[in-house]
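**Student:** I am attaching a structure below and will ask some questions about it afterwards.
The values are calculated or read from the model by the stated rules, or taken from the named source; none is laboratory data. Here the structure is a predicted model, which means the values were calculated and not measured. Positions of Cβ are generated from backbone atoms using ideal geometry, with glycine treated the same way; all protein chains shown enter the neighbour counts. For the accessible areas, the whole protein counts, side chains as well, though only heavy atoms, and no ligand, DNA or RNA atoms are used. Shrake-Rupley method; radii C 1.70, N 1.55, O 1.52, S 1.80 Å.
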Amino acid sequence: MSRPTVQSPEAESEQTAVAEPSADTRRCWLRAYATVRAETERRAAPLSAEDQVVQSMPDASPTKWHRAHVTWFFEHFLLRPFSPAYRPFDERFSYLFNSYYVAAGPRHARPQRGLITRPGLAETTAYRAYVDAAVAALIESAVDDAAIFPVVEVGLHHEQQHQELLLTDTLHAFAQNPTRPAYDSHWQWPDGAPHGDGVAADVRLAGVHSIGAEGDGFSFDNERPAHRIFLEPVRVARKLVTNGEWLEFMADSGYTKPGLWLSDGWAVVEAENWNAPGYWRLIDGAWFSMTLGGFRPVDPALPVCHVSYYEADAFARWAGKHLPSEAEWEIAAKTGALEDAFGKLWQWTRSAYSPYPNYVAEPGALGEYNGKFMVNQMVLRGSSLATPEGHSRLSYRNFFYPSARWQFSGLRLAEFDH
Ligand SMILES: [Fe+2]
């Protein structure tokens, strides 16, 4: 997948042998920076000040916090090291808006981000504008592009990740509201492959393949290096699992048969009283679900969404199949034959989130970005309806704890050829 939004200038302009970046290079980075920053504001625009400060659970962050945190990222990792004249907007913001970078200093407790009513929206907006001006000045005056632009690029991809979280976290907050507000009352599921219209042939795979990021395009460190894997003969489903299929699982007592569940998953089913995917409510015998467009009837033809790894795994067991490994997913997606590989739902795989062979974390504090989370989480592949344009690629590894279901997460199945 290319990255049309965060477009590397190398893709558009001739690289020269001198260190001084060309005017074209500067212009491309300025445009990429402005485009991504504007998308964050576009997503926040429908939200009131009250909407933007609420934190509905420790895993979800307030919109205002997202807007400030991604700004802090540029301030801390780009402006402080590379712009000697830069003066921070407010020294206290490092404590408020550092997320988890221990090497970057002490930070506010994550579950208490919703208690930060100051700075308010206006000051947060001013913070963004202040940093935007400083970043633009740095790009325009950059001498050492090899040092600066990779940090700009990772900062933009980081901000895109938070753009997705801004929507998932807002949806979770709105789902707690008995009036069930709509983020966008005109919102519709993205167009794509039709669902629930019969059986499509699986994608058959076997043998030695290569997975992981290759080439010069951007990738996070956890996607590297590319390496060989071996696949036993396997078939990966072309289609995502639908709500209609999930209703069959529910009708067959899927949520009340412990034999279908991993022990940890069954413990969550019992503790949380799960009997349906996240945000589903049964009203007068009909299932409804919270969406970005508000509270809507569950459409059996659409892919099932807001399921955890535990649920996806139990469904696969019920179906007599399994979830694809991330290697199976990536090789199948590479054939181009998977429907909705990107743009609707992240798809759970049965792969634990762990380092690839010969993985090396980024140097310095940015090394905390991915590597330190490589335990107890499962990999999801593809991208979702909330993923910003230009942020999807075949080698992308998303990861969440197996009980998480507030993301736009679904599944496709696989089965071994015997
Ligand atoms: Fe972050």
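**Student:** In segment 157-164, is there at least one residue being over 21 Å from Leu47 (Cα atoms) and within 16 Å of the ligand (Cβ to nearest atom)?
**Tutor:** Checked against the condition, which is being over 21 Å from Leu47 (Cα atoms) and within 16 Å of the ligand (Cβ to nearest atom), segment 157-164 yields at least one hit.
**Student:** Right, next: Grab the strands (runs of 3 or more DSSP E) fully contained in segment 348-418, keeping just those with 1 or more residues being within 19 Å of Glu330 (Cβ to Cβ), among the polar types (S, T, N, Q) and touching a residue at least 40 places away in the same chain (Cβ under 8 Å).
**Tutor:** 398-400
**Student:** Can you name the residue in segment 117-132 that is in a loop (DSSP other than H, G, I, E, B) and either in contact with a helix residue (DSSP H, G or I) (Cβ under 6 Å, 6 or more places away or on another chain) or open to solvent by 40 Å² or more (accessible area, probe 1.4 Å) (or both) and is also farthest from Ala49 (Cα to Cα) among such residues?
**Tutor:** That would be Arg118.
**Student:** While we're looking at this one, here's another question. Taking segment 268-287, which residues are more than 25 Å from the chain's Cα centre (by Cα) and in contact (Cβ under 8 Å) with a residue 24 or more places away in the chain?
**Tutor:** Across segment 268-287, the qualifying residues are Asn275, Trp287.
**Student:** Restricting attention to segment 228-237, does a residue exist that is touching a Ser or Thr at 6+ places or on another chain (Cβ under 8 Å) and either farther than 17 Å from Ser325 by Cβ or surrounded by fewer than 15 Cβ atoms within 10 Å (Cβ to Cβ) (or both)?
**Tutor:** Yes, some residue in segment 228-237 is touching a Ser or Thr at 6+ places or on another chain (Cβ under 8 Å) and either farther than 17 Å from Ser325 by Cβ or surrounded by fewer than 15 Cβ atoms within 10 Å (Cβ to Cβ) (or both).
**Student:** From the list Ala45, Ala34, Ala38, Ala60, exactly one residue is touching a His at 6+ places or on another chain (Cβ under 6 Å) and either surrounded by 14 or more Cβ atoms within 10 Å (Cβ to Cβ) or at pLDDT 95 or above (or both). Which is it?
**Tutor:** After ruling out the rest, the residue left standing is Ala60.
**Student:** Could you run through segment 73-99 and say how many residues are open to solvent by 30 Å² or more (accessible area, probe 1.4 Å), away from the ligand (no atom under 16 Å from the Cβ) and assigned to a helix (DSSP H, G or I)?
**Tutor:** Total meeting the criteria: 3.
**Student:** Right, another one. Might you let me know whether segment 49-56 holds any residue that is surrounded by 13 or more Cβ atoms within 10 Å (Cβ to Cβ), under 19 Å from the mean Cα position of the chain (by Cα) and within 14 Å of the ligand (Cβ to nearest atom)?
**Tutor:** Scanning segment 49-56, I find no residue that is surrounded by 13 or more Cβ atoms within 10 Å (Cβ to Cβ), under 19 Å from the mean Cα position of the chain (by Cα) and within 14 Å of the ligand (Cβ to nearest atom), so the answer is no.
**Student:** While we're here: Among the residues of segment 311-325, which ones are assigned to a helix (DSSP H, G or I) and surrounded by 24 or more Cβ atoms within 10 Å (Cβ to Cβ)?
**Tutor:** The answer is Glu311, Ala312, Ala314, Phe315.
**Student:** In this structure, is Ala276 of a type outside the set (S, T, N, Q), assigned to a loop (DSSP other than H, G, I, E, B) and under 22 Å from Phe342 (Cβ atoms)?
**Tutor:** no
**Student:** May I pose another question? Within segment 288-309, how many residues turn out to be outside any loop (DSSP other than H, G, I, E, B) and either of a type in the set (A, V, I, L, M, F, W, C) or more than 19 Å from the chain's Cα centre (by Cα) (or both)?
**Tutor:** Count: 7.
**Student:** I'd like to verify a number: residues in segment 174-186 that are surrounded by fewer than 22 Cβ atoms within 10 Å (Cβ to Cβ) and assigned to a helix (DSSP H, G or I), how many? Break it down stepwise before answering.
**Tutor:** Taking segment 174-186 and keeping what is surrounded by fewer than 22 Cβ atoms within 10 Å (Cβ to Cβ), we get 175-186.
With assigned to a helix (DSSP H, G or I) added as a condition, the list becomes 175.
Matching residues across segment 174-186 total 1.
**Student:** Return the residues of segment 34-48 that are touching a helix residue (DSSP H, G or I) at 6+ places or on another chain (Cβ under 6 Å) and away from the ligand (no atom under 16 Å from the Cβ); say none if nothing qualifies.
**Tutor:** Leu47
**Student:** Just the residues that are of a type in the set (A, V, I, L, M) and away from the ligand (no atom under 16 Å from the Cβ), please, taken from segment 100-122.
**Tutor:** The initial filter retains those residues of segment 100-122 that are of a type in the set (A, V, I, L, M), namely 102-104, 109, 115-116, 121-122.
If the condition is that a residue be of a type in the set (A, V, I, L, M) and away from the ligand (no atom under 16 Å from the Cβ), then Leu115, Leu121, Ala122 are the ones that fit.
**Student:** Any chance segment 123-145 includes a residue that's within 16 Å of the ligand (Cβ to nearest atom) and charged (D, E, K, R)?
**Tutor:** Yes: segment 123-145 contains one or more residues that are within 16 Å of the ligand (Cβ to nearest atom) and charged (D, E, K, R).
**Student:** Among the candidates Glu328, Glu270, which residue alone is open to solvent by less than 40 Å² (accessible area, probe 1.4 Å) and not in a loop (DSSP other than H, G, I, E, B)?
**Tutor:** Glu328
**Student:** Follow-up question, since we're still on this one. Open to solvent by 20 Å² or more (accessible area, probe 1.4 Å) and within 27 Å of the chain's Cα centre (by Cα): is that true of Gly212 in this structure?
**Tutor:** no
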